[in-house]
Each structure stands twice: as C-alpha cells, then as structure tokens.
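Comments concern the structure below.
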Amino acid sequence: MKILRGVWIAMLGAAALTGCEREERNFVEPPPTSSAVESLRLSDLRPGPSSPPPAAENSAYQENAYAISEGQRLFSWYNCAGCHFHGGGGIGPPLMDDLWIYGSEPQNIHATIIQGRPNGMPAFGGRIPDYQVWQLAAYVRSLSGLTPKDAVPARSDHMSNESPPTTMEKPSPKMTGSPP
Amino acid sequence: MPGKTWMCFPLRPFLLSIALPIAQPGIAGPSQPSLSIPTSPALPATASEDDGQWLMPARDYANSRYSSLAEINTSNVKNLRLSFTFSTGVTRGHEAAPLVTGDTLYLVTPYPNILYALDLARPGAPLKWKYEPKPLAASQGLACCDVVNRGASYAYGKIFFNTLDGQTIAVDAKTGKELWKTRLGNLNLGESVTMAPLVVKNKVLVGNSGGEFGVRGWLTALDANTGRIAWRAYSTGPDQDVLIGPEFKPFYPQERGTDLGVSSWPADAWKIGGGTVWGFVSYDPQLDLIYYGTANPGPWNPELRPGDNKWTAGVFARDPDTGQARWFYQWNPHDLYDYDGINENILLDLPIHGQPRKVLVHPERNGYVYVLDRGTGEVLSAEAFVHVTTTSGVDLKTGRTHEVAEKQPRTGSVVREICPAAPGGKDWQPSAWSPRTGWLYIPHQNICMDEEGLEANYIAGTPYVGANVRMYAGPGGHRGEFTAWDPVQAKPVWKIKENFPVWSGALATAGDLVFYGTMEGWFKAVSARTGELLWQFKCGSGIIGQPISYRGPDGKQYVAVLSGVGGWSGAIVAGQLDPRDGTGALGFVNAMKDLPEHTAKGGMLYVFALP
C-alpha cells in the first residue's frame with residue numbers, strides 16, 4: 001500500500017507539473033499594422049476600409065543619382081543583366097515595361113531580390129549588402145521611368161545604351177503591385 | 001515581303017538533270033532508300049522502314065526525318081485537311097516532335113513538361129492519360145532560350161523524356177505509370193535539360209543545357225531498365241572525365257595529346273567552360289558508334305578563355321557501351337561567336353569524289369555544311385550555305401576555318417556585321433534528308449549581329465556570357481531560309497526565303513514532299529524537287545516544332561506538328577519581352593521586334609490527313 005501511495009503522489013506531482021505548462025492564447029490579436037507587413041503587399045485587392053498606401057521606404061536611394069548609377073553598375077556586376085538584359089528581359093521578365101508581377105515599390109523590388117521568386121528569380125539574400133540591394137532597386141525602377149529624371153544616369157558608352165532608358169518612349173506606367 | 005515565299009536559285013533544271021543520278025547511287029527503286037537506317041532486330045528502338053511509326057524525334061538513328069509513307073504526294077497534297085487538334089495547355093515555345101507507336105500518339109510539352117498520350121484509335125484522338133512530372137519552377141530561370149523541350153523517345157514499351165530541372169524519367173507507354181526517374185542536373189550549377197534523349201542498346205543518352213550559365217557539359221548514359229547511370233562523358237577537363245583512352249584516334253593532329261580538355265583553357269576555366277550537349281544524338285549500328293555535338297565554350301567573350309577550349313564546339317564519336325571516345329573533330333576551335341556544335345549529324349552513305357563513303361552530314365552554326373567520314377572524323381567537304389563574314393572557308397587539310405581577324409569580338413568595343421550571328425546559319429532546328437532526291441532540307445535563318453565583349457563574373461546559377469549583342473536580318477532583309485542542299489555536290493539546289501527565321505524542324509516524305517512551319521504559324525508542304533509551295537495551313541501560333549508523319553490505325557497517312565511560338569527566336573512573344581531593348585534575349589529581340597504583330601502564344605497539336 002505504501003508503495004502504491006508513493007506512486008500516486010509521484011503521478012499527481014507529474015500531472016501538476018505538466019498541467020502548469022499551458023498553451024498561451026491571445027484572445028485579441030493585435031491589428032496587422034506593422035510596416036514590414038504592409039510594405040510587401042503584392043495585391044491590389046485589400047479587404048476592409050480603404051487606407052493610404054504605405055510610404056515608400058528608402059526614398060534616399062530612389063532620388064539619388066549616385067545610388068541609381070551604382071545600381072546600374074551592380075546590375076551588370078551581379079549578372080542581373082544576364083537574364084533581364086538592359087530592361088527588355090529574356091530569361092527573366094522585362095523590367096522596363098509597365099507590368100510588375102511582384103510589385104513596383106522599392107520595398108517590393110528589394111524583397112524580390114532578397115527572397116527570390118518562384119519562377120526562376122534567384123534569392124540573393126545574404127549574398128549582397130543591403131544598401132546595394134536598395135541601389136539595385138532604385139536602378140530597376142529607373143528602367144521604367146519611376147525615378148526622377150534628374151537622378152537617372154546619363155547614357156553610357158556601351159552598345160546597350162544607344163537609347164537610354166529615360167529618353168525612350170514608354171506607355172504610361174500602370175503599377176499593378178500597389179494599390180492606387 | 002512578310003509571308004511571301006519565292007525561289008531565288010534559277011539552277012533547278014541544271015541540278016535536276018546532273019545531280020540526281022549522282023546523288024542516288026545504289027537506289028534500286030524509290031522504296032529502297034540508301035539511308036543507313038538501322039534494321040537489326042536486336043535494336044528495339046528502331047522502326048522498320050515502312051511500319052508507319054515514329055519512335056524518336058529524328059525518326060531513325062540516322063537522323064533522316066524521312067517518312068517512307070507516300071499516300072500524301074505532290075498531286076493530292078492540296079486536299080490535305082485538318083484531322084484533329086489537341087491543346088497542350090502550355091503557351092511557351094513548343095519545339096518537340098510528337099511520337100507515334102501502335103495506336104497512341106505521345107507528346108511532351110515545354111516546362112512544366114507534361115507528357116500526354118492520345119488514343120488514335122478513337123474519333124478525335126481523345127486523351128488516354130497524362131503524366132505530370134512537376135519539375136522545379138526555379139528551373140525556368142536557367143533556360144537561356146525559352147523553357148523548351150525537344151521531345152521524348154520510345155523504346156522497350158517505355159517513354160523516356162527529360163525535364164527542364166534535369167530529371168530523366170521513364171514512363172510505361174501503356175499506362176502512363178512512372179517506372180523510374182533520375183536527377184542528373186544540378187540547378188545551383190546552372191544546369192537544365194532541354195534535349196530529347198536517344199535510346200541505344202538499352203542505354204538512355206541524355207545531355208545537359210546551360211552553356212550560358214558556366215555549366216560543364218556532359219553526356220550521360222542511363223540504364224533503360226533502372227535509370228542508373230552507366231557512364232558520363234564530360235566535354236571539358238582531364239581525359240579520364242572526358243572518357244578519352246587508348247581507343248581515341250582523332251583524324252587531325254590538333255585533337256591529339258594528353259588532357260587537352262585542361263591544357264587548352266586558362267587555369268580552371270574548363271570547370272565552367274560549357275560544351276553542353278543539348279542537340280540530337282545519332283547512332284550507326286554497323287560501326288557501333290554514337291555521334292553528338294558539343295555546344296559553345298563559355299563565356300561568350302573569347303578574350304576571357306584563350307586556347308582551343310577543347311572539347312567544346314565539336315563532334316564526338318563514342319562507343320555506346322562504355323562511352324569511350326573514338327574520335328573528335330572541332331568545328332570551331334576557340335569559338336568566337338557562340339557557334340554551338342550541337343546541330344544534328346545525319347548519317348548517310350554517299351559517293352564523295354566518286355567513292356562510296358560512310359559520311360556524317362552536319363549543317364553547322366558557323367555557316368558551313370560539313371561532310372565528314374564518320375569512321376575517322378576526316379572532313380571531306382565544307383561549303384557555306386549562308387552569308388559568312390566571320391571566316392573565309394574551311395581548310396580541308398587542317399580541318400580548321402580561316403578566321404577573319406577583324407570580326408573577332410573584343411572587350412569594350414563593338415564589332416559589326418558578324419555573319420552568321422550567334423544562333424548561327426542554323427540553330428537546333430533539325431534538317432530532313434530524302435533518299436529520293438539525295439538532298440538535305442535545311443530550315444535556317446539569315447541573321448547577322450553586332451557584338452561588344454564585356455567582362456564576365458561567374459556566379460554559380462546565374463548567366464556567364466560577357467557580351468552585349470544585337471542581331472538583325474542578313475543580306476536581303478529576310479530573316480529565314482529553307483534550303484535544299486546537295487551534300488555530294490556541296491551546293492544549294494533551291495532556297496525559299498521566309499520573313500522570320502525558319503525555327504521549325506523539317507520532314508521529308510516518300511510523296512516527294514517536304515514539310516516545315518513558319519514563325520507566323522504557316523505549316524507548309526513544298527515539292528521536294530522544286531521547292532514549289534503546294535499546300536499551307538495557318539496554325540494558331542507560330543511553329544517551331546518538329547513535324548512528323550505516321551500511319552494511323554485506320555491505315556491512312558497523317559502529318560502532325562506542334563504549334564506554339566517561342567524558343568530563342570520567339571522569346572519576345574513567349575516571354576512577353578520589351579522590344580525597346582534590342583539586347584534582350586541575348587540580342588535576338590533586336591531582330592524580332594515585329595514578331596508580336598504576327599503571332600501570339602499558344603500550344604496546340606495539329607494533325608492532318610487526306611479526306
């Protein structure tokens with residue numbers, strides 16, 4: 001009997017110990033307002049009341065001639081041009097047109113470069129310093145005229161730039177990746 | 001000019017009277033072609049001459065693409081009409097050949113490489129089954145020139161095919177059940193697979209793609225029963241890796257030596273040097289040798305890889321059992337222009353300089369049609385079939401081209417009027433040969449380019465090219481040609497000009513017809529003897545597939561082709577590229593800016609028959 005009681009006590013003790021480990025439940029979830037989530041919107045469709053689009057991040061890079069020109073250099077350096085060529089595309093989609101599969105905001109392009117995309121875009125995260133990713137994003141946006149004209153680099157001497165991006169005729173851009 | 005077709009060679013009567021008797025020795029009657037089509041019963045992948053099946057993309061081991069069916073001929077082809085269609089559900093470039101065995105038609109689509117089996121015994125050829133391999137989506141980022149697939153092969157009751165992400169798969173031809181699959185390619189090295197496998201002596205021969213990604217090329221033989229790797233022969237590196245041993249006896253001294261696959265490169269460059277194997281493989285059962293071409297060295301900018309860059313841009317003859325090389329000949333030592341050596345090798349028995357020779361005929365990217373002795377690798381003739389500015393002929397003594405120095409691409413400067421351009425006088429699109437005329441029917445392009453050499457950074461899994469390119473139409477302004485070529489006389493017999501590159505394969509039949517498709521979507525039948533257009537049908541999308549002909553279960557002759565524009569030349573449509581950047585798609589966009597005005601995407605099988 002003594003042994004049996006001891007077993008009971010041990011079992012009760014074990015049950016009390018494990019019973020204290022309860023799953024934590026938040027009965028009220030905080031509203032998803034963090035900018036990190038908002039900035040990666042890939043859909044024009046947004047349930048609920050309308051809200052202004054998130055502010056573009058790192059606008060310092062977007063309007064900076066040095067950043068865009070560095071982005072242009074890095075675009076060749078990291079072999080982006082191997083697939084997207086000088087904006088017209090080939091292995092990868094064109095970047096100078098007005099179709100943005102994964103969003104046209106700088107943070108969208110930043111995320112695309114870092115994360116990769118399922119249909120062939122490699123994930124460069126951890127391989128390229130973050131400021132260079134922003135510089136690349138700025139250059140990519142300049143290809144379709146989304147950056148201020150006065151910040152876009154002048155033509156280079158390369159064959160590819162006989163008609164530089166800024167002077168090219170283009171249809172009015174429609175940014176499918178961000179809400180109006 | 002667009003869409004117009006006409007003859008530009010007024011030599012037809014002359015050649016018909018002179019070339020025909022010479023080109024057809026040993027032909028007792030029209031039904032006994034002198035093709036070296038394998039007939040041994042020990043070779044199950046081989047159809048007998050007139051059984052009406054189509055078991056491999058090139059129809060036979062000789063790569064003739066000749067059908068001995070003659071129900072459809074020059075006088076009744078005008079009545080040819082649509083029999084049935086089948087939508088593939090895929091809208092990228094359809095370069096494959098359908099296969100027919102028994103009462104089933106098989107076709108494999110571009111990525112995602114769906115394999116369909118259609119029941120020819122029932123009205124409208126309904127779907128029997130489909131097999132979806134679900135290749136890794138990321139492989140789409142490794143296809144230099146659209147996510148194409150060049151077809152499957154049938155043998156031993158199995159369908160063998162490759163997926164873009166580098167798998168070889170065997171499927172039961174009756175049930176569609178997967179029998180085995182083997183992953184051969186490594187995505188993170190930039191490897192993909194687009195070629196059609198060839199089955200020889202219980203081995204499935206598969207080569208890789210990725211010459212624009214710093215891939216090291218190989219041909220691999222898999223056991224047809226198990227999928228296990230039997231041997232792999234690399235196109236660069238030490239002799240041991242290239243399977244070069246005591247049996248290797250190349251004809252020319254420049255191919256002899258130890259470890260040339262290392263010493264003809266800058267240090268370690270052979271490890272990322274290209275030489276991929278993405279074309280069609282041929283097989284001669286009598287000599288028991290397989291033949292295949294190796295692709296361009298990488299990167300394109302030749303200044304970054306001084307040396308002959310062995311064993312790229314050439315042709316290997318190998319023992320199919322062991323993979324051991326027997327001979328090699330390099331079409332383009334130290335290739336300057338992305339002239340891949342992968343174009344088809346058609347195995348024929350022809351009288352050369354009055355002597356019957358076992359030859360290999362190869363219309364090469366560099367613009368010459370080569371005739372080689374396929375036992376030794378000796379060049380017997382090499383004459384230009386397009387406008388060539390990069391070389392001034394082939395030296396038959398040394399086997400080397402005479403290069404034109406000022407056309408050599410240089411880092412930092414633009415070299416203009418390089419003809420033929422990077423896709424060559426002819427790219428992958430396979431020729432057909434008719435034993436009835438003795439002529440080769442070559443679908444090809446007329447494209448030149450400007451090229452600027454650039455520094456190239458090797459980052460595994462990304463492109464490794466080092467060049468800016470812009471292509472444009474060659475002399476005459478038309479971008480495509482379809483040429484009937486006499487390999488004995490080594491000259492053209494007739495030529496058809498097409499507005500766009502003729503990127504489809506060719507098919508020759510015993511009805512003295514030759515079929516090919518245009519990138520606008522016209523499927524054409526022309527007279528094999530004169531090139532006269534006898535019939536055409538406008539398909540839904542541009543044609544870059546390989547036409548075939550078969551006898552249906554009802555005993556009638558059918559002609560089938562896949563429509564679905566794309567490929568390198570059609571990337572502007574298939575990939576919705578922006579025509580304002582001429583350097584797009586490795587510079588091909590510049591020459592194809594107006595293609596989107598002529599055709600749209602869409603994948604569809606079209607099958608024709610007489611009423």
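The values are calculated or read from the model by the stated rules, or taken from the named source; none is laboratory data. In this text, all values refer to a predicted model and were calculated from it rather than measured experimentally. Every residue, glycine as well, gets a Cβ built from its backbone with ideal geometry; the counts of neighbours run over all protein chains shown.
Of the listed requirements (1) over 18 Å from B:Leu187 (Cβ atoms); (2) outside any loop (DSSP other than H, G, I, E, B), B:Phe280 misses just one: (2). Contact annotation: residue pairs with Cβ atoms under 8 Å, 6 or more positions apart or on different chains, pairing a residue in the range A:42-56 that is at pLDDT below 80 and surrounded by 10 or more Cβ atoms within 10 Å (Cβ to Cβ) with a partner that is in a loop (DSSP other than H, G, I, E, B) and of a type in the set (Ser, Thr, Tyr), are A:Pro53/A:Ser178; A:Pro54/A:Ser39.
Any residue at all in the range B:423-444 that is under 18 Å from the mean Cα position of the chain (by Cα), in a loop (DSSP other than H, G, I, E, B) and within 14 Å of another protein chain (Cβ to nearest Cβ)? Within the range B:423-444 (the criterion being under 18 Å from the mean Cα position of the chain (by Cα), in a loop (DSSP other than H, G, I, E, B) and within 14 Å of another protein chain (Cβ to nearest Cβ)), the answer is yes, since at least one residue qualifies.
Selection of the range B:542-568 for residues being more than 13 Å from chain A (Cβ to nearest Cβ) and over 18 Å from B:Phe515 (Cβ atoms) yields B:Pro553, B:Asp554, B:Gly555. Residue count for the range B:257-271, restricted to those that are in a helix (DSSP H, G or I), over 14 Å from B:Phe328 (Cβ atoms) and not basic (Lys, Arg): 4. The C-beta contact set for the range B:446-462 (first residue more than 9 Å from chain A (Cβ to nearest Cβ), second residue crowded, with 22+ Cβ neighbours inside 10 Å and basic (Lys, Arg), distance under 8 angstrom, 6+ apart or interchain) comprises B:Asn446/B:Arg479; B:Ile447/B:Arg479; B:Met449/B:Arg470. With the condition kept exactly as written, say whether any residue in the range B:329-339 is part of a loop (DSSP other than H, G, I, E, B), more than 22 Å from B:Glu403 (Cβ to Cβ) and out of contact with any Pro (no Cβ under 9 Å at 6 or more places or on another chain). So far as the range B:329-339 goes, no, none of its residues is part of a loop (DSSP other than H, G, I, E, B), more than 22 Å from B:Glu403 (Cβ to Cβ) and out of contact with any Pro (no Cβ under 9 Å at 6 or more places or on another chain).
Residues that are part of a loop (DSSP other than H, G, I, E, B) and surrounded by 20 or more Cβ atoms within 10 Å (Cβ to Cβ) were ranked within the range B:221-251; the one that is nearest to the chain's Cα centre (by Cα) is B:Ser235. Within the range B:67-84, identify whether any single residue is away from chain A (no Cβ under 14 Å), surrounded by 24 or more Cβ atoms within 10 Å (Cβ to Cβ) and assigned to a strand (DSSP E or B), and answer yes or no. Looking for residues that are away from chain A (no Cβ under 14 Å), surrounded by 24 or more Cβ atoms within 10 Å (Cβ to Cβ) and assigned to a strand (DSSP E or B), one finds at least one in the range B:67-84, hence yes. With respect to (1) part of a loop (DSSP other than H, G, I, E, B); (2) within 14 Å of chain A (Cβ to nearest Cβ); (3) within 19 Å of B:Val90 (Cα to Cα), the lone exception for B:Lys593 is condition (3).
Checked against (1) away from chain A (no Cβ under 14 Å); (2) part of a loop (DSSP other than H, G, I, E, B), B:Asp578 passes all but condition (1). Residues of the range B:138-169 that are of a type in the set (D, E, K, R) and farther than 26 Å from B:Tyr61 by Cα: B:Asp146, B:Asp165. Taking the residues in the range B:136-161 that are within 14 Å of chain A (Cβ to nearest Cβ) and in a strand (DSSP E or B) as candidates, determine which candidate is surrounded by the fewest Cβ atoms within 10 Å (Cβ to Cβ). Per the stated criteria, the residue is B:Cys144. B:Ala571: closer than 26 Å to B:Pro420 by Cα, facing chain A (nearest Cβ under 9 Å) and of a type in the set (A, V, I, L, M), yes or no? It is true that B:Ala571 is closer than 26 Å to B:Pro420 by Cα, facing chain A (nearest Cβ under 9 Å) and of a type in the set (A, V, I, L, M). Kindly indicate the residue of the range B:179-216 that is over 21 Å from the mean Cα position of the chain (by Cα) and of a type in the set (S, T, N, Q) and also farthest from B:Ala295 (Cα to Cα) among those meeting that condition. The extreme case among them is B:Asn202.
Among the residues of the range B:508-563, the ones that are farther than 21 Å from B:Arg436 by Cβ, among the β-branched types (Val, Ile, Thr) and in contact with a Ser or Thr (Cβ under 7 Å, 6 or more places away or on another chain) come to 2 in all. Restricted to helices (runs of 4 or more DSSP H) entirely inside the range A:50-146, those with at least 2 residues that are facing chain B (nearest Cβ under 8 Å) and within 30 Å of B:Leu136 (Cα to Cα) are A:65-77, A:80-84. Of all the residues in the range B:173-214, those that are of a type in the set (S, T, N, Q) and surrounded by 24 or more Cβ atoms within 10 Å (Cβ to Cβ) number 4.
You will find that of B:Gln254, B:Gln286, the residue that is at pLDDT 95 or above, surrounded by fewer than 20 Cβ atoms within 10 Å (Cβ to Cβ), assigned to a helix (DSSP H, G or I) and not hydrophobic (A, V, I, L, M, F, W, C) is B:Gln254 and no other. I'd like to check something: does the range B:484-507 contain any residue that is assigned to a strand (DSSP E or B) and within 14 Å of chain A (Cβ to nearest Cβ)? No - not one qualifying residue is present in the range B:484-507.
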